[in-house]
1. Taking the options A:Ala15, A:Ala30, A:Ala45, name whichever one is of a type in the set (A, V, I, L, M), within 14 Å of another protein chain (Cβ to nearest Cβ) and either part of a helix (DSSP H, G or I) or open to solvent by less than 70 Å² (accessible area, probe 1.4 Å) (or both).
2. So A:Asp171 fits all but one of (1) surrounded by fewer than 17 Cβ atoms within 10 Å (Cβ to Cβ); (2) more than 22 Å from the chain's Cα centre (by Cα); what number is the exception?
3. I'd like the full set of residues that are charged (D, E, K, R), farther than 24 Å from B:Met193 by Cα and open to solvent by 60 Å² or more (accessible area, probe 1.4 Å), limited to the stretch B:213-262.
4. Whether any residue in the stretch B:221-238 is away from every other protein chain (no Cβ under 14 Å) and in contact with a Phe, Trp or Tyr (Cβ under 6 Å, 6 or more places away or on another chain) is what I want to check.
5. Regarding the stretch A:152-159, can at least one residue be identified that is part of a helix (DSSP H, G or I), within 20 Å of the chain's Cα centre (by Cα), surrounded by fewer than 18 Cβ atoms within 10 Å (Cβ to Cβ) and assigned by TED's automatic domain parsing to the domain that holds A:Leu41?
6. Please name all residue pairs, on different chains or six or more residues apart, with Cβ atoms under 6 Å, provided the first residue is in the stretch A:83-97 and is β-branched (Val, Ile, Thr) and the second residue is assigned to a helix (DSSP H, G or I).
7. Mind checking which residues of the stretch A:121-135 are more than 14 Å from A:Lys166 (Cβ to Cβ) and either in contact (Cβ under 8 Å) with a residue 12 or more places away in the chain or touching a strand residue (DSSP E or B) at 6+ places or on another chain (Cβ under 9 Å) (or both)?
8. May I ask you to list pairs of residues, at least six apart or on different chains, whose Cβ atoms are under 6 Å apart, with the first in the stretch A:236-253 being touching a residue at least 24 places away in the same chain (Cβ under 8 Å) and the second being loosely packed, with under 14 Cβ neighbours inside 10 Å?
Amino acid sequence: MIHIQNLHLSLPGFALKDINLDIETGDFFALIGPTGAGKSLILEAMLGMLPMDSGRILLEDRDITSVVPEKRGLGIVYQDYALFPHLNVRKNILYGIKYHNLDPNQVAEQFDFLVHQLGIAKLLHRYPGTLSGGEKQRVALARALILRPSALLLDEPLSALDPVLKEEIKDLLRTIHQELSMTIIMVSHSFSDVFYLANKVAILKDGRIRQQGSVNDVFEHPNSRFTAGFVGMRNILRAGIRDNRGLVEKLAITLPPGADSSGKYLAIRPEDICPLTSGHNGFENTFSGTITHIAHQGFYFDIWMTIEGVKFQAVWDKNYVLEHDIRPGKELEVGFYADKVRVLGQ
Amino acid sequence: MGIRINTFSWSLALLSLPLIALIVLPLTKMVFTPTLADLWESLQDPLVVGTIGRSLGTALAAALICFIFGTPLAYLMARKHFPGKSVVEAVIDLPIMIPHPVIGIAILSLAGRNHPIGRFLADMGIEVMGTLTGIIAVLTFVGMPFYINTVKAGFEAIPERLENVSRSLGASMCATFFRITFPLAWRSIMLGMIMCTARAISEFGAVIIVAYHPMTAPVLIYERFTAYGLKYSQPVSVWLIGVSLVLFVGMRFFSRPGREAA
């Protein structure tokens, strides 16, 4: 288990404030937030590379706050892989072995296992400068994993990869997490990556944690406009709430039972706003809308519409849009369930 | 298809020519003025060979001192932030700005019997005035900024993340320096030593204050010029340039990029 308690860390022009995280053994924990939120700084603080103003870091009940980085037992893989350019792949992977009291037979076994698992057996004599991004990523993972760290820290491991390679590495990370039962803490700015990989998440903004919990919980129940926007709720509307209905300008939206009457905003996912078809007859909210513009995104369409002067964004299936000739100016009936509307206080 | 003439690039090239000419023309003239017989004759002169050897030896000694003491300082300046860092940077650059005879005078005033350090050195049997020690001291003084600034830039070019990863893998700061930082900065260190040696070999103003004798090559060239004229100073100058060139080409050869840079 890793506990970060009341972490405060100041740098010129930026500070991490009041960071508290509880990461269970075997968790795939994601730290997400916009650029400059302080996500990577938390990893640096965990590694011991940055001096903390206050707070504690506990690793399996051992206080490592004052422990030097080389004794913490944490592995790191950076976005740019940080392979040692003057050492070949084999020497990169085995770099840390001499600092750990490991059985040579076990090391050899683990080396063979990782090299084959990660598909880098043919690269062992090559230098990092000759490797592709995906190959570097695999070598960096092998180098960190061979020491069996207490936790593996990943600093934006997917953001420098092309889409095909990204899917490959995502699968690889999931396999590593499952097969090695490794605790992984990953920094990312993409909620879709987090949704695929992680079971827990903390969302940061301006050096503070805005929300944390299970990925599903945060995805379904964002606690603020910022979090809602970050997890993909593109329709965030200022509303007055009365009698379990939200009033957005002249538009009255039926809310789920027991909705917080002190709420000030409504948030609706674009994929929850559906065109009315013969099969859909259970929506509590049905409206007539006018399409303003559409954007082809490959597998789906982004649809923008106005409903009684209020702008909404929806995501619709490509086949539906093409078959029903959805285009700007077209009027059609749309609907969404009351329990898909989130009421936010801030 | 016609050749595209880039007016801007040609203008840049034309404007660059006067400076290139300023360097190349006098040196070419000097190198090709002495006859082969003059050059051979000067090579038979033990004084010429001795002074060139002394110049090389003292310059390399100064570079070695900069390597030993300047490398830690360059690393500190590249990696650490501390109050007064800009003052330290200014101090490092001072020798570039001070007139070089002043450097000689400053070293002598510190190493003289009127100063406690001078008395301490004398008690230890170390003489500065008119000795190789004095020459090496002033050469280190004038060459040090070139070494430190070059090596500092080399350290800065190495991503700190490499050091962070090394430490996360169990290496101490010291082990990280010697296994990661130093090997990656090696070419910058060699370049720094080349810069320092080059600056030291050419030093005249500070050396002549501290030690007219034992004589270095620039002092001999000056003496030959003032005593016998241009013709007698040129062969020594050509040999000094030639030997320096061989040295620098050799140092660059050994510090060339290896296969890992592929």
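The values are calculated or read from the model by the stated rules, or taken from the named source; none is laboratory data. Values in this document were obtained by computation on a predicted structure and should not be read as measured data. In this analysis, Cβ positions are derived from the backbone assuming ideal geometry, glycine residues included, and neighbour counts consider all displayed protein chains. Only protein heavy atoms, including side chains, enter the accessible area calculation; ligands, DNA and RNA are left aside. Shrake-Rupley method; radii C 1.70, N 1.55, O 1.52, S 1.80 Å.
1. Among A:Ala15, A:Ala30, A:Ala45, only A:Ala45 is of a type in the set (A, V, I, L, M), within 14 Å of another protein chain (Cβ to nearest Cβ) and either part of a helix (DSSP H, G or I) or open to solvent by less than 70 Å² (accessible area, probe 1.4 Å) (or both).
2. (2)
3. B:Lys231
4. yes
5. Checking the stretch A:152-159: not a single residue is part of a helix (DSSP H, G or I), within 20 Å of the chain's Cα centre (by Cα), surrounded by fewer than 18 Cβ atoms within 10 Å (Cβ to Cβ) and assigned by TED's automatic domain parsing to the domain that holds A:Leu41.
6. A:Val89/A:Leu123; A:Val89/A:Val139; A:Ile93/A:Ala142; A:Ile93/A:Arg143; A:Ile97/A:Val107
7. Hits for the stretch A:121-135 are A:Leu123, A:Leu124, A:His125, A:Arg126, A:Tyr127, A:Pro128, A:Gly129, A:Leu131, A:Glu135.
8. A:Ile241/A:Ser261; A:Glu249/A:Gly309; A:Lys250/A:Glu308; A:Leu251/A:Glu308
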